[in-house]
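For reference, the structure is listed below as C-alpha cells.
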Ligand code: KPL
C-alpha cells in the first residue's frame, strides 16, 4: 500500500492526474521546483462543468529522506531523468517510480544510471491543457501502466477501483511503441509547418509526407519484431489525426512557446532503433536534424 503518491511535473497532465488520484482518495502531493509544504487549488473544467480541488504541494528541496513511497512522473521527457534523480534521496527502497511521458528512452537511461530504481512506464491518451488558471480536460482518454512480463503490483489495485480508465499491461513496450509511432508521424511535421494536426490530412503534400514517414515507421517496426506496428502504423496515425484534427500537438505547443521539444525522445528514439537494426529512415532523420537544431540544449 502506498501512503501517498507524489507527482513530479506540474503541467496539464500532472495536474489532471493529481485530480484523478485525489478523487480516488490517494491523497497526492504535487512536487514543485521550489517552495515549502502547502496547497494549490485546481479548477478542472470538463464538458462546461467546473470542479474545484485542493491538492497538497511540496518543493523538491523540502522533501525528507524516505518521504516518498510512490512517484508518478509527468514532466516532459527531456526533464524526466534529471527530475527523478533529484528525488532519489527522498525515495524509500523499492518505491514505484512510474514514468508517464511522450517518447521513449528515459526508462532505459534511468535503469542504466540507477539500477536500484523500481521503474514502471505508462502512456495516456488523456487530453488536457491549461487556460489561465483553469485546467481544461479536453478529451477523455485511457491510461495504460505496466512493465514487461510483470503482473500488476498490489499498488495498482487502488488505481482501478474508481473507474478512471486505467489498465495494466505486461507488454507495455507494445503500447509505448504504438504511441511513439503516432507521435513520430504527427508531432515533428506539425511543429515544422506550424499547423494543427488536421492539416496533415487536409494538405495533400503533408499527407504524402505522413505516408512516407509511416513507411519508414512500419519498416523499423517489422525489424523490431512488432507486426502490429508494421501493419498499422499509417492507419493509427491517420486515425489519431482525424480524432485530434483541432489539436495543436504538444511539439507544436513547445515550439511556439520557445521551449525545447521532445524530438530526441520521439524521432530520436526511432532513429536510434533504426540504426541499431540497420533500417534506413532518411525522412525521419531529416526531421530529427531540422527540429533538434532548434532545441536550446544543443
Ligand atoms: O500525443 C499527441 C501529442 O500532441 O503529443 C497527439 C496524439 C499527437 C495529439 O496531439
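The values are calculated or read from the model by the stated rules, or taken from the named source; none is laboratory data. Source: prediction; values computed, not measured. So basically every Cβ, Gly included, is an ideal-geometry build from the backbone, and we count neighbours across all protein chains shown.
Table: residues versus (1) within 16 Å of the ligand (Cβ to nearest atom); (2) under 16 Å from the mean Cα position of the chain (by Cα); (3) more than 19 Å from residue 106 (Cβ to Cβ); (4) in the same structural domain as residue 75 (by TED's automatic domain parsing).
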residue	(1), (2), (3), (4)
182	yes, yes, no, no
214	yes, no, yes, no
228	no, no, yes, no
235	yes, no, yes, no
285	no, no, yes, no
Review point. So, of the residues in segment 243-273 that are surrounded by fewer than 21 Cβ atoms within 10 Å (Cβ to Cβ), at pLDDT 95 or above and away from the ligand (no atom under 16 Å from the Cβ), which turns out to be nearest to residue 215 (Cα to Cα)?
Key: 273
Exercise for review: Give me the pairs, please: first residue somewhere in segment 237-256 and under 10 Å from residue 198 (Cβ atoms) and assigned by TED's automatic domain parsing to the domain that holds residue 209, second residue anywhere and more than 7 Å from the ligand (Cβ to nearest atom) and not in a loop (DSSP other than H, G, I, E, B), beta-carbon distance under 6 Å, and either six or more positions apart or on two chains.
Suggested key: 241/200; 241/201
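Quick grid of which residues meet (1) within 16 Å of the ligand (Cβ to nearest atom); (2) over 25 Å from residue 142 (Cβ atoms); (3) crowded, with 18+ Cβ neighbours inside 10 Å:
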{"residue": "8", "(1), (2), (3)": "no, no, yes"}
{"residue": "19", "(1), (2), (3)": "no, no, yes"}
{"residue": "37", "(1), (2), (3)": "no, yes, no"}
{"residue": "64", "(1), (2), (3)": "no, yes, no"}
{"residue": "72", "(1), (2), (3)": "no, no, yes"}
{"residue": "82", "(1), (2), (3)": "no, yes, no"}
{"residue": "87", "(1), (2), (3)": "no, yes, yes"}
{"residue": "99", "(1), (2), (3)": "yes, no, yes"}
Point to revise | Breaking point among (1) at pLDDT 95 or above; (2) assigned to a loop (DSSP other than H, G, I, E, B); (3) within 16 Å of the ligand (Cβ to nearest atom), for residue 279 | key: (3)
Revision key, fill the gap. By residue number, the members of segment 166-180 that are touching a helix residue (DSSP H, G or I) at 6+ places or on another chain (Cβ under 9 Å) and more than 16 Å from the ligand (Cβ to nearest atom) are 166, 167, 168, 169, 174
Practice item. Being within 14 Å of the ligand (Cβ to nearest atom) and part of a helix (DSSP H, G or I) is the filter; apply it to segment 194-205 and report the residue that is surrounded by the most Cβ atoms within 10 Å (Cβ to Cβ). Key: 200
